[in-house]
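Undergrad: Pasting a structure here, questions to come.
Rule-based calculations on the coordinates, nothing more; no lab input. Predicted, not measured: the structure shown is a model, and the values here were computed from it. With ideal geometry, Cβ positions are generated from the backbone for all residues, glycine too; neighbour counts draw on all protein chains shown.
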Amino acid sequence: MGEKRCAMVALVGMPNAGKSTLLNALVGEKLAAVSQTPQTTRSRILGIVNRGDAQLVFLDTPGIHEPQHALNHRMMAQVDGALHDAELVLWVVDADGFLGDGEKAIAKRLKTGRLPIYLLLNKIDLLSKGRLLETVAHYKDLLEFREIVPISAKFSTNLDPLWALLERDAKVAEWAFDEDTFTDQNERSMAAEFIREKVLRKTREEVPHVVAVEIERWIEEGENYPEDMKPGGVFIAGLILVEKANHRKILLGKQGEMISSIRQSAQRELKKLLQRPVRLELFVKVEEDWRNRPDQLDRLGL
């Protein structure tokens with residue numbers, strides 16, 4: 001074993017660039033909720049990977065956007081915090097997308113930080129080599145990049161060169177976390193995010209942004225443990241918050257079909273996460289304008 005190395009690595013980019021998919025691929029565990037809905041990630045999620053002498057601490061962040069609610073302002077504060085803590089930055093962009101004002105604003109933001117920036121051109125599975133070269137040409141003059149790496153986070157394509165670069169550039173330092181730690185997320189917070197992910201995947205466009213999930217009960221044993229459940233399982237009751245009565249109606253669905261589908265899908269996901277039997281109950285509550293209420297955001301940990 002050589003000298004230990006460690007680096008805090010921030011993942012930043014526009015909504016839907018694929019940052020959370022990349023985090024899950026790098027860590028080899030599902031830590032972050034993933035969907036096609038922009039702004040799926042609402043808070044900083046930390047994933048830790050140890051490779052040989054190097055420990056790489058990845059900070060997944062919300063997609064950078066113009067804040068419209070108190071929640072959005074807090075999300076952008078999470079980005080600022082990650083960039084403040086980071087030593088290396090992975091700027092993830094949709095290589096099949098358009099370089100617009102949002103990307104140029106991110107470049108301007110990163111330029112003032114004076115951190116090493118790695119441009120990750122994601123979703124290369126969707127475009128030709130010629131189109132990829134055009135994308136490289138469009139981006140290369142925006143910033144002085146340490147490296148430009150084409151990848152596909154969805155299919156874990158071309159991640160080995162990225163690993164080699166990160167291990168090369170990690171500074172000589174003691175590891176920040178114990179060898180067995182792979183995230184700072186606890187089971188309850190991950191469960192809430194996975195439930196929200198199922199809502200995002202199954203509901204209409206007008207619902208996802210107004211949804212939050214709170215775990216109200218988590219019972220593993222004791223007098224309140226369901227008598228008809230096998231020992232060693234966990235009973236979870238989740239509360240889904242929405243802002244309007246019509247959102248609740250959509251989430252419940254005709255004769256409860258939508259909420260039943262969400263519950264079943266989330267329950268399967270939680271069984272994989274927890275590696276034990278899970279019984280999940282879900283309830284939907286209207287909490288008007290919760291995204292602009294600091295008391296609600298504090299209670300939800302957002």
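Undergrad: Quick one: if the Förster radius is 45 Å, what FRET efficiency do residue 255 and residue 132 give, using the C-beta to C-beta distance and rounding to 0.05?
TA: 0.40
Undergrad: Also: Once every DSSP H run of n ≥ 4 in the chain is given -39500 (n - 2.57) and the sum is divided by its residues, what mean residue ellipticity at 222 nm do you get, rounded to the nearest 500 deg cm²/dmol?
TA: -11000 deg cm²/dmol
Undergrad: Please check: in the Gaussian network model of the chain (C-alpha springs, under 10 Å), which one of 21, 181, 157 has the largest mean-square fluctuation.
TA: Taking springs between Cα atoms under 10 Å, the residue moving most is 181.
Undergrad: Please compute the Cα-Cα pair-distance distribution of region 5-172 with 5 Å bins starting at 0, giving whole percents from short to long.
TA: 1, 9, 19, 24, 23, 15, 7, 2, 0
Undergrad: Then there is this: Please compute the net charge surrounding residue 119, taking Lys and Arg as +1 and Asp and Glu as -1 over other residues with Cβ under 10 Å from its Cβ.
TA: Around residue 119, the charge tally is +1.
Undergrad: Name the residue farthest towards the positive end of the dipole of region 187-300 from the options 280, 253, 190, assuming +1 on Cβ of Lys and Arg, -1 on Cβ of Asp and Glu, about the Cα centre.
TA: After comparing all options, I get 253.
Undergrad: What are the radius of gyration and Dmax of region 77-200, computed over its Cα atoms and given in Å?
TA: Spelled out, the Cα radius of gyration and Dmax of region 77-200 are 16.6, 45 Å.
Undergrad: Sticking with this structure for a sec: Which percent of Cα-Cα pairs in the chain sits in each 20 Å bin, short to long?
TA: Each 20 Å bin holds this share of Cα pairs: 31, 55, 13, 0.
Undergrad: Moving on. Which of the GluC sites (Glu not before Pro) across region 182-284 are loop residues per DSSP, with 15 or fewer other Cβ within 10 Å?
TA: 205, 206, 220, 221, 223, 227
Undergrad: Let me ask something additional. Using 15 Å as the cut-off for backbone N distance, which residues of region 261-302 belong to the label zone defined by a point 7 Å from the Cα of residue 105 along Cα→Cβ?
TA: Answer for region 261-302: none.
Undergrad: For the pairs 19/272; 154/249; 19/108; 123/198; 104/129, flag any whose C-alpha to C-alpha distance is greater than 30 Å. Working shown, then result.
TA: On the way: 19/272 22 Å; 154/249 33 Å; 19/108 19 Å; 123/198 23 Å; 104/129 23 Å.
Pairs exceeding the cut-off: 154/249.
Undergrad: Over the chain, what is the relative contact order in percent, taking alpha-carbon pairs closer than 8 angstrom and at least six residues apart?
TA: About 19 percent, as a whole number.
Undergrad: Suppose every K and R has +1 on its Cβ and every D and E has -1 on its Cβ; what is the size of the dipole of the chain about the Cα centre, in Debye to the nearest 20?
TA: Computed about the Cα centre, the dipole is about 840 debye.
Undergrad: Turning to a different aspect of this structure: In degrees, nearest 10, range 0 to 90: what is the angle between the Cα axis of helix 101-111 and the longest Cα principal axis of the chain?
TA: With both axes taken from Cα atoms, the answer is about 60 degrees.
Undergrad: Taking loop as defined by DSSP and a crowding limit of 10 other beta carbons within 10 Å, which trypsin sites (Lys or Arg not before Pro) in region 161-250 fit?
TA: 204
Undergrad: Write down Rg/Rh for region 183-302, rounded to two decimals, with Rg from the C-alpha atoms and Rh from the Kirkwood relation over Cα pairs.
TA: Taking Rh as the inverse mean 1/r over Cα pairs, Rg/Rh reads 0.97.
Undergrad: So which trypsin sites (Lys or Arg not before Pro) in region 82-160 are both in a DSSP loop and have at most 13 other Cβ atoms within 10 Å of their Cβ?
TA: Values: sites: 104, 108, 109, 111, 114, 123, 129, 131, 140, 146, 154; in loops: 114, 123, 140, 146, 154.
For trypsin sites (Lys or Arg not before Pro) across region 82-160 that sit outside H, G, I, E and B with at most 13 neighbouring Cβ atoms in 10 Å, the list reads 114, 140.
Undergrad: Let me ask something else. Based on the Cβ-Cβ distance from residue 281 to residue 175, what FRET efficiency comes out when R0 is 45 Å, to the nearest 0.05?
TA: The value I calculate is 0.65.
Undergrad: Using only Cα atoms, tell me the angle between helix 257-274 and the longest principal axis of the chain; keep it within 0 to 90° and round to the nearest 10.
TA: So the inclination is approximately 60 degrees.
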